[in-house]
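The values are calculated or read from the model by the stated rules, or taken from the named source; none is laboratory data. Model, not experiment: these values are computed from the prediction. No Cβ is skipped: glycine too gets one built from the backbone with ideal geometry, and neighbour counts run over all protein chains shown.
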Amino acid sequence: MTKFISLIIKYTRRLNISTRLIGSFFLISILPLLIISLYFYSAYSDAVTDKLGQANLTALLQISKTIDATLEDYQYLGGKLSIDPTIQDFLSNDTVLSEKKQEIISRHMNSLISDTIVYPPFMKTIKILDNHNTFIYDMGYDDISFSAYQDIMDKTDQQKPDASWSYVNTFMGQNIIILGHRINSTQNMNTPLGYTLLFISEQIFTNDILSAADLGNDSTLVILNTDGTVLTSNHEAIKRNEPYYNNEILDEILTHNPSDIRDNFFTYQNKDASYLVVYTKNKTLNSYIISSIPFSYIREEAYKIIPTVVLFILLILGICILLSTLLYHTIMRPIHNAVDVCKDIRTENFSSRIEIDADDELAFLSININQMLDKNQQLLSLIKKDEERKRVLEIQMLQYQINPHFLFNTLSTLKWIAELNQVPVLEEMITSLSEILKSSLINNEEFVCLSEEIRILNYYIQIQKVRYLNKFEVLYELPPELDDFRIPRFILQPLVENSIYHGTYNNGKMILITVSAFCSNGYMLITVSDNGKGFDSDRPREDKKGQRISIGIQNVQERISRIYKAQGNFQIKSKPGAGTCCTITLPATQPQTLKNIGGSYVSDTNS
């Protein structure tokens, strides 16, 4: 996030201040206004959409109730015919229908229709078929193709015991909706006997039910079968008995699944426009009543306020430009004065000063610039004096600088002289000192192999043996497999020095210093112990030498804590007359996984 802000500041600084001021005013004033306008426009549209969806859903529920009431007579007629004893008897008698029987059933049907049943106003014809698709009764008003009959009967079989509703176009060009009932035996309801087909004019929906609903301009009302085909609609352009928008709306309805019937609406987008689709299911028709309202109609009122909003934004923009211009001059005039003075300073004209006629932050800045110019001459003279002193110090530093290679060459010469004069003790001490200096001055690695640490330690021990007149011996207990184990450089020398100082006796008694290492439970333990006189580890050192050695021990402890954190440990135990034991605990990491990264210990867990 900080990097992103830095990039914005970097690229913004490439613009001049006037552009930044105008841009800032625009962002501060116009941008929030645009955001608020868009937000309220969106909120207004959503609120209108929700209210309109609720209103249309209420209208569809009322239409559904009207359909139930209107189709009640047709449902009753179909059910009455299905259980009529005479029709049941004719359909149960699986014989060829003679002309006499046809005349009997026709007279019965005419009597049934005229005497006992209120004939619905939009009924066109009634047809009764047996299981062999043979008509046992036909009013003879109009007809449809055999394939259409077959589709209707298949659909009726699929939806039993419910009735089926199908749209057809008759031979006479009439738009008909057929109500299909499956006739089952009243003696055994699982025995199918035939079908009753009621031909109902589509005008029952287009002229009587759907046309009465006013859902807004360009809105569409459709009654959709559960198979996705259009049963009827208030628009003639919508093709009946065909999928509605390729069944996309039906698929959306089936997957919409709202938690509340009041949320039965959603947005549908096709290649031409967006629509608010509201739906409900009518149980009588077993179909969906769907209304689709274009969003262009919903947002028509919102579009009317756009010119007013644009005019208001332009007015605010003009005011912002005027204010930013005034602010620009109040800021830029003192800045230009300061820039002119800076140009004079660049040409080494330090007599120029900034004119101050205000009391703001820029005036404070100008005062400080003038004060700095006043001190400039004094600083220049001081700089010249400092340069002279600097040259003198550089010469002195060159005079006192000692090249390490010169020091090593000198020690080599002294070693050669000792060898020439047959002084082996001096030769060994010079050799040991040279190796220790090389390791200290040339080798910059923080970690070394255990074998290398022991090699340098031996040179140190040789020097100390001469100093202490061989009052101690050193024993190593180091397994060969630990030679390549890497440890911090110069970590053992302070421990051996501690044993020499606190362990040796003044009476010349020999002591033994043991340096050992071993691995246990995932850790490597290095111990430096002696059988000397020891000391009280809880008491502070009183002499300067003891304090120096204590500082060396403390440095070892601090290095282990800094490098290995909680994985490393250092412990020292000593008592007067019982000797001293120093133990270093390090994680037993393979040498190739130990790296020096900023002085920290890094363990590769994959090795």
Evaluation of ILE200 against (1) under 56 Å from the mean Cα position of the chain (by Cα); (2) modelled with pLDDT of 85 or more; (3) over 26 Å from ASN93 (Cα atoms) (one fails), failing number
(1)
I'd like to check something: does region 54-69 contain any residue that is out of contact with any His (no Cβ under 7 Å at 6 or more places or on another chain) and either closer than 23 Å to ARG182 by Cβ or of a type in the set (Phe, Trp, Tyr) (or both)?
yes
Hey, TYR505 modelled with pLDDT of 90 or more, more than 15 Å from PRO488 (Cβ to Cβ) and of a type in the set (Phe, Trp, Tyr) or not:
no
Given the criteria outside any loop (DSSP other than H, G, I, E, B) and in contact with a helix residue (DSSP H, G or I) (Cβ under 8 Å, 6 or more places away or on another chain), does ILE30 qualify?
yes
The lone condition ALA148 fails out of (1) outside any strand (DSSP E or B); (2) within 16 Å of THR284 (Cβ to Cβ); (3) not charged (D, E, K, R) is (2)
Taking region 356-371 and keeping residues exposed (fewer than 12 other Cβ atoms within 10 Å of the Cβ) and over 52 Å from the mean Cα position of the chain (by Cα) leaves ASP357, GLN371
With the condition kept exactly as written, say whether any residue in region 296-319 is in contact (Cβ under 8 Å) with a residue 60 or more places away in the chain, touching a strand residue (DSSP E or B) at 6+ places or on another chain (Cβ under 7 Å) and aliphatic (A, V, I, L, M).
yes
Residue under question is LYS127, and the condition is that it be at pLDDT 80 or above, basic (Lys, Arg) and either surrounded by fewer than 20 Cβ atoms within 10 Å (Cβ to Cβ) or under 58 Å from the mean Cα position of the chain (by Cα) (or both); does it hold?
no
Please work out which one of (1) in a strand (DSSP E or B); (2) in contact (Cβ under 8 Å) with a residue 60 or more places away in the chain; (3) within 19 Å of PHE205 (Cβ to Cβ) is the condition ARG182 fails and give its number.
(3)
Among ASN217, ASN241, which is more than 23 Å from LEU254 (Cβ to Cβ) and either part of a loop (DSSP other than H, G, I, E, B) or modelled with pLDDT of 85 or more (or both)?
ASN217
Yes or no: TYR275 under 36 Å from the mean Cα position of the chain (by Cα) and surrounded by 17 or more Cβ atoms within 10 Å (Cβ to Cβ)?
yes
Of the residues that make up region 336-351, is at least one surrounded by 13 or more Cβ atoms within 10 Å (Cβ to Cβ) and not in a helix (DSSP H, G or I)?
yes
Quick check, is TYR268 on the phi > 0 side of the Ramachandran plot and among the hydroxyl-bearing types (Ser, Thr, Tyr)?
no
Residue satisfying condition, being under 16 Å from GLU473 (Cβ atoms) and assigned by TED's automatic domain parsing to the domain that holds TYR564, within set ASN521, ASN531:
ASN531
Region 244-293, residues that are of a type in the set (Lys, Arg) and either in a loop (DSSP other than H, G, I, E, B) or out of contact with any Phe, Trp or Tyr (no Cβ under 7 Å at 6 or more places or on another chain) (or both):
ARG262, LYS271, LYS283
Would you pick out the residues in region 548-595 that are among the charged types (D, E, K, R), modelled with pLDDT under 85 and surrounded by 18 or more Cβ atoms within 10 Å (Cβ to Cβ)?
none
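A quick yes/no check of all residues on (1) of a type outside the set (D, E, K, R); (2) crowded, with 16+ Cβ neighbours inside 10 Å; (3) outside any helix (DSSP H, G or I):
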position	(1), (2), (3)
THR410	yes, no, no
MET429	yes, yes, no
SER439	yes, yes, no
GLU445	no, no, yes
GLU453	no, yes, no
LEU457	yes, yes, no
ASN470	yes, no, yes
GLU473	no, no, yes
Considering region 418-427, residues that are exposed (fewer than 13 other Cβ atoms within 10 Å of the Cβ) and free of Cβ contacts under 8 Å to residues at least 24 places away in the same chain, and then whichever is nearest to the chain's Cα centre (by Cα), we arrive at PRO424
Residues that are farther than 28 Å from LYS283 by Cβ: find the helices (runs of 4 or more DSSP H) completely inside region 33-112 holding 1 or more of those.
85-92, 99-111
